[in-house]
Amino acid sequence: MKFEKVNLVRVFYAGGSNRILMGRLAVKNHKIFFEYDREFLKQGLELSPFKLKLQPGVISTNDFLYEGLFGIFNDSLPDGWGRLLLDRKLMNLGYNPGGFSPLDRLCFVGKHGMGALQFEPENPDGKSFSPKDLDKIADEIKKFQDEDDDRYIDDLLRLGGSSAGARPKILIRNREDDWIVKFRSSIDPSDISSIEYAYHLMAVKAKVDVPNAKLFPSRKTIGFFGVKRFDREKGKPIHMHSMSGLLHADHRIPSLDYETIMKATLFLTRDVRECKKQFRAAVFNVLSHNRDDHSKNFSFLMDKKGKWIVSPSYDLTFSSGPGGEHSTMVMGEGKNPGLQHLLKLAEIADIKKDEACEIIDETIAAVSEWDCFAEESKVGRTSSKLIKSAIQSGLRHF
């Protein structure tokens, strides 16, 4: 693999009937600039209406949260696991990862990132492959993490290095559909896949909008948790924008309140039904003790006509959050959000009190069945007991 540093990157939008040039990114004197293509401006598609409005001319951001990159493009970059792999590969080749700009990394992503944006020039090695033996991949991940074994970096990069998130994962095609399959990290409990699948079943019971999910078979464990990609439809990309990228809200630290998320949802979708979806997800996170609800775990999808909807909820699992608090506060409360906080949140989006109470009651009923979901998913006794205790503790505020 050879890396060529770049100063100019063409950005394409592939979410419509045809792939079209969106614009160009350039770096000069360590500052990143962007210019929309004139023909794209005529489309009238606001791909990032808060931070990158449609306008002619060269523009830049004074926000250096993403090294000077606009949030919409940062959404395409790998972080956590994917960035670790790429940095290790660069070091093995004698490069200093710190000397590579965000544009260099976008070229590695090419057309294989999340959502509908594609970048050229493209590194030909930045691609995903069809699945092979998942147990073998799990072994390679373990050796890479536990033994600092670099022999498998190329394999792991090809299988999913452009995906985001801290957990090891790969992108695969299973028949006609695209899937993300997750693996255990070195700090995860041994039954992490079972826990996440149990949370998926619980979210379905709570009527949360979630993508299809399943446990991919394994000879050694109960399986590997996989989720169907909702930024793809029959292989066609769909534009996806995270709350982090949309608002330039740092996902690595607590930076949002659900009030902000609700207001952004109302502004973007102009549909109270989408706000109800967002509210139901918030209620589930509170009642299921999922406190890893940071800004990158909320996203929106935009169709080719420019209509926005809330994406299905993802990364739903047990988490105690930073300092035991939610990454995203609920009307100013992060430690022990209760009924009054959720009802105030509902008011922000003009959700009637009786509808909000119905959603809360349905979610309470679902999380109260944790034992059933844990047993079906074969969650370990220790994990199951810990999660049950946390859920019951939270229910005392309702």
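The values are calculated or read from the model by the stated rules, or taken from the named source; none is laboratory data. All values derive from a computational prediction rather than experimental measurement. We place every Cβ from the backbone using ideal geometry, glycine too, and count neighbours over all the protein chains shown. For accessibility, only protein heavy atoms count, side chains too; no ligands or nucleic acids. Shrake-Rupley method; radii C 1.70, N 1.55, O 1.52, S 1.80 Å.
Brief remarks on what is shown
A quick yes/no check of all residues on (1) closer than 27 Å to Gly94 by Cα; (2) among the charged types (D, E, K, R); (3) modelled with pLDDT under 95:
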{"position": "Val6", "(1), (2), (3)": "yes, no, yes"}
{"position": "Asn18", "(1), (2), (3)": "no, no, yes"}
{"position": "Leu21", "(1), (2), (3)": "no, no, no"}
{"position": "Leu47", "(1), (2), (3)": "no, no, no"}
{"position": "Lys51", "(1), (2), (3)": "no, yes, no"}
{"position": "Phe64", "(1), (2), (3)": "no, no, yes"}
{"position": "Gly80", "(1), (2), (3)": "yes, no, yes"}
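- Pairs with Cβ under 7 Å, 6+ apart, first in segment 205-232 and farther than 19 Å from Leu134 by Cα, second small (Gly, Ala, Ser) and in a loop (DSSP other than H, G, I, E, B): Val208/Ser313; Asp209/Ser313; Val210/Ser313; Phe230/Ser311; Asp231/Gly115
- When we screen Arg229, Arg173, Arg167 for residues that are open to solvent by 40 Å² or more (accessible area, probe 1.4 Å) and under 26 Å from Leu106 (Cα atoms), the only hit is Arg173.
- Candidates Phe284, Phe300: the one that is among the aromatic types (Phe, Trp, Tyr) and under 25 Å from Lys385 (Cα atoms) is Phe284.
- Residue list for segment 66-116, filter: more than 19 Å from Val11 (Cβ to Cβ), open to solvent by 20 Å² or more (accessible area, probe 1.4 Å) and among the aliphatic types (A, V, I, L, M): Leu84, Met91, Leu93
Results for (1) touching a strand residue (DSSP E or B) at 6+ places or on another chain (Cβ under 7 Å); (2) aromatic (Phe, Trp, Tyr), shown as yes or no for each residue.
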{"site": "Glu259", "(1), (2)": "no, no"}
{"site": "Met262", "(1), (2)": "no, no"}
{"site": "Leu266", "(1), (2)": "no, no"}
{"site": "Val272", "(1), (2)": "no, no"}
{"site": "Asp293", "(1), (2)": "yes, no"}
{"site": "Phe300", "(1), (2)": "yes, yes"}
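- Taking segment 312-346 as the range and being over 18 Å from the mean Cα position of the chain (by Cα), buried (at least 23 other Cβ atoms within 10 Å of the Cβ) and part of a loop (DSSP other than H, G, I, E, B) as the test, only Pro337 passes.
- Residue in segment 368-391 that is over 23 Å from Lys277 (Cβ atoms), open to solvent by 70 Å² or more (accessible area, probe 1.4 Å) and outside any helix (DSSP H, G or I) present: yes
- Scan of segment 27-57 for residues that are touching a residue at least 60 places away in the same chain (Cβ under 8 Å) and within 26 Å of the chain's Cα centre (by Cα), ordered by number: Ile32, Leu45, Glu46, Leu47, Ser48, Pro49, Phe50, Lys51
- If you go through segment 296-305 and pick out every residue that is open to solvent by less than 30 Å² (accessible area, probe 1.4 Å) and in a loop (DSSP other than H, G, I, E, B), you end up with 1.
- Residues that are open to solvent by 30 Å² or more (accessible area, probe 1.4 Å) and not β-branched (Val, Ile, Thr), drawn from segment 250-279: His251, Arg252, Pro254, Ser255, Glu259, Lys263, Leu266, Phe267, Arg270, Arg273, Lys276, Lys277
- Of the residues screened, Asn18 is one that is open to solvent by 90 Å² or more (accessible area, probe 1.4 Å), closer than 20 Å to Phe230 by Cα and not aromatic (Phe, Trp, Tyr).
- Taking the listed residues Glu376, Glu369, the one that is modelled with pLDDT of 95 or more, in contact with a Leu (Cβ under 8 Å, 6 or more places away or on another chain) and closer than 30 Å to Lys220 by Cβ is Glu376, with no other qualifying.
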